[in-house]
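Asks: This is the structure, below, for whatever I ask next.
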Amino acid sequence: MSAFGNDCHFYYNTSSGCEKRDRCPFRHSEPAISCFVTCNFWQKGRCTKSNCKYRHSVVKNQQKKRELIPCFHETQPSGCSRPGCPFKHSKLDPTTRYKYEDTLSVLSPMEEHILQS
């Protein structure tokens, strides 16, 4: 397997990401960040998708403790907008950190008043 198309270790495995960014010779595929499945085509040297959603590296620890690693995207000006982001967040954002079911039990004061009537 050539280096072309292989995952960047720093992009996928550190909270700060890859410092080389566009100058890095390795792959930075955002769809593959939260994936722990190795691409079968890559293993055979046949994957040509630069944005492949599967990992282009051998994932040794399938279930890393991502919830303990600070989210890199949260530190960016636009913040983290990835639904279900597996990384640790210092600020809880209802659009990315809560499931719909968790919000069903929360009623506004107006809704509580209507239910009590």
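None of the figures in this text is laboratory data; all of them are computed from the coordinates on show. Everything numeric here is computed off the predicted structure, so don't read it as measured data. Here the Cβ is made from the backbone with ideal geometry for all residues, glycine too, and neighbour counts use every protein chain on show.
Asks: Measure off 7 Å from each Cα along the Cα-to-Cβ vector at Ser50 and Lys20, then give the distance between these two points in nanometres to one decimal.
Replies: Spacing of the two 7 Å Cα→Cβ label points: 1.6 nm.
Asks: Tell me, Arg23, Arg55, Arg66 in order of fewest to most beta-carbon neighbours within 10 Å?
Replies: In order of increasing Cβ crowding within 10 Å: Arg23, Arg66, Arg55.
Asks: Mean separation of Cα pairs under 8 Å and 6+ residues apart, divided by the residue count of segment 1-64: what relative contact order is that in percent?
Replies: Relative contact order for segment 1-64 comes out at 35 percent.
Asks: If you add up the charges near Cys35, with Lys and Arg at +1 and Asp and Glu at -1, over every other residue whose beta carbon is less than 9 angstrom from its beta carbon, what do you get?
Replies: +2
Asks: Show which lysines lie in cross-link reach of Lys65 when reach means a straight Cα distance below 16 angstrom and same-chain residues fewer than eight apart are skipped.
Replies: Filter leaves Lys88.
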